[in-house]
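Here is the structure we will look at.
The values are calculated or read from the model by the stated rules, or taken from the named source; none is laboratory data. These numbers come from a predicted model, not from an experiment. Positions of Cβ are backbone-derived with ideal geometry, glycine not excepted, and every protein chain shown enters the neighbour counts.
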Amino acid sequence: MKNKKEIIIAVTAGISAYKSCELVRSLTKKGYGVTVLMSRDATHFVGALTFRTLTNRLVITDMFSDEFEWDPAHISLAQRADIVAVVPATANMIAKLANGICDDIISCVIMATKAPVLVCPAMNDNMYNHPAFKANIEKIKEFGYKVVPAIEGDLACGKKAVGHLADLGTISSLIEKLLK
Ligand SMILES: Cc1cc2nc3c(=O)[nH]c(=O)nc-3n(C[C@H](O)[C@H](O)[C@H](O)COP(=O)(O)O)c2cc1C
């Protein structure tokens, strides 16, 4: 693909983080340039090496690392991105985004970017229905971030309820739509 678009997939520490591997793989196969950012806790769920292998790019988990080529990474990545998608997005990361907290690579890149931001929450249903979470979602929508609501499905706690990550097909189509 000529002039290929640059997608940042930001992976946070939810059980559905493993699904991001498939999303990253399919976007890479379509010819997009995909860079993966991971929160520190997300690395408990999926190894950075998996994303590094799928994208053939360094995965950034630590904004103070001198491992990668850009300097300072959070600004150069924010400028290069054509879209930033947080998949999955934890309640914690959404709270940080809603309140302008910038204490990791993902929250810094999102504050610094002018690209569209897509947020795909997934969590336990009680967390999903908590008024704090709902208020934070409304706040990030006001910032212009697009939110892909969670759906009903099997949750890690064993329940079937709303909190399950939206279908990867839905997320992928939205990413491509926003890129256009
Ligand atoms: C096994 C396990 C599963 C978790 N799943 C979720 C989840 O699906 N969604 C969520 O918001 N938090 C979940 N959490 C809590 C987050 O991992 C925790 O809030 C973490 O600090 C979030 O870090 P991050 O937002 O920087 O990625 C889970 C925690 C554990 C131990």
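It is to be established whether one or more residues within region 94-114 are among the acidic types (Asp, Glu) and touching a residue at least 12 places away in the same chain (Cβ under 8 Å).
Yes, region 94-114 contains at least one residue that is among the acidic types (Asp, Glu) and touching a residue at least 12 places away in the same chain (Cβ under 8 Å).
Modelled with pLDDT of 95 or more, touching a Ser or Thr at 6+ places or on another chain (Cβ under 6 Å), under 29 Å from residue 129 (Cβ atoms) and of a type in the set (Gly, Ala, Ser): does that describe residue 39?
For residue 39, the condition - modelled with pLDDT of 95 or more, touching a Ser or Thr at 6+ places or on another chain (Cβ under 6 Å), under 29 Å from residue 129 (Cβ atoms) and of a type in the set (Gly, Ala, Ser) - is met.
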>> Take residue 106 and tell me if it is out of contact with any Asp or Glu (no Cβ under 8 Å at 6 or more places or on another chain), within 22 Å of residue 163 (Cβ to Cβ) and either surrounded by 22 or more Cβ atoms within 10 Å (Cβ to Cβ) or not aliphatic (A, V, I, L, M) (or both).
In response: yes
> If you scan region 142-165, which residues turn out to be within 13 Å of the ligand (Cβ to nearest atom) and either closer than 24 Å to residue 177 by Cβ or of a type in the set (Asp, Glu) (or both)?
Replying inline: 150, 153, 154, 162, 164, 165
> Restricting attention to region 83-123, which residues are closer than 16 Å to residue 142 by Cβ and away from the ligand (no atom under 11 Å from the Cβ)?
Replying inline: 98, 99, 100, 110, 111, 116, 117, 118, 119
>> Please go through region 6-52 and give me each residue that is surrounded by fewer than 19 Cβ atoms within 10 Å (Cβ to Cβ) and in contact with an Asp or Glu (Cβ under 9 Å, 6 or more places away or on another chain), ordered by number.
In response: 6, 13, 30, 33, 40
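Considering only residues that are more than 13 Å from the chain's Cα centre (by Cα) and assigned to a loop (DSSP other than H, G, I, E, B), look in region 109-126 and name the one that is surrounded by the most Cβ atoms within 10 Å (Cβ to Cβ).
Among residues in region 109-126 that are more than 13 Å from the chain's Cα centre (by Cα) and assigned to a loop (DSSP other than H, G, I, E, B), the one surrounded by the most Cβ atoms within 10 Å (Cβ to Cβ) is 123.
Here's the yes/no breakdown for (1) aliphatic (A, V, I, L, M); (2) at pLDDT 95 or above:
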residue	(1), (2)
132	yes, yes
141	no, yes
150	yes, yes
159	no, no
162	yes, yes
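If you take the residues of region 1-49 that are more than 19 Å from residue 103 (Cα to Cα) and among the polar types (S, T, N, Q), which of them is nearest to the ligand (Cβ to nearest atom)?
That would be 16.
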>> I'd like the residue in region 2-24 that is touching a strand residue (DSSP E or B) at 6+ places or on another chain (Cβ under 9 Å) and farther than 19 Å from residue 93 by Cβ and, out of all such residues, is modelled with the lowest pLDDT.
In response: 4
>> So residue 96 ticks every box in (1) over 20 Å from residue 17 (Cβ atoms); (2) touching a helix residue (DSSP H, G or I) at 6+ places or on another chain (Cβ under 9 Å) but one. Which box is left unticked?
In response: (1)
> What number of residues within region 136-180 are assigned to a loop (DSSP other than H, G, I, E, B), over 18 Å from the mean Cα position of the chain (by Cα) and surrounded by fewer than 18 Cβ atoms within 10 Å (Cβ to Cβ)?
Replying inline: 5
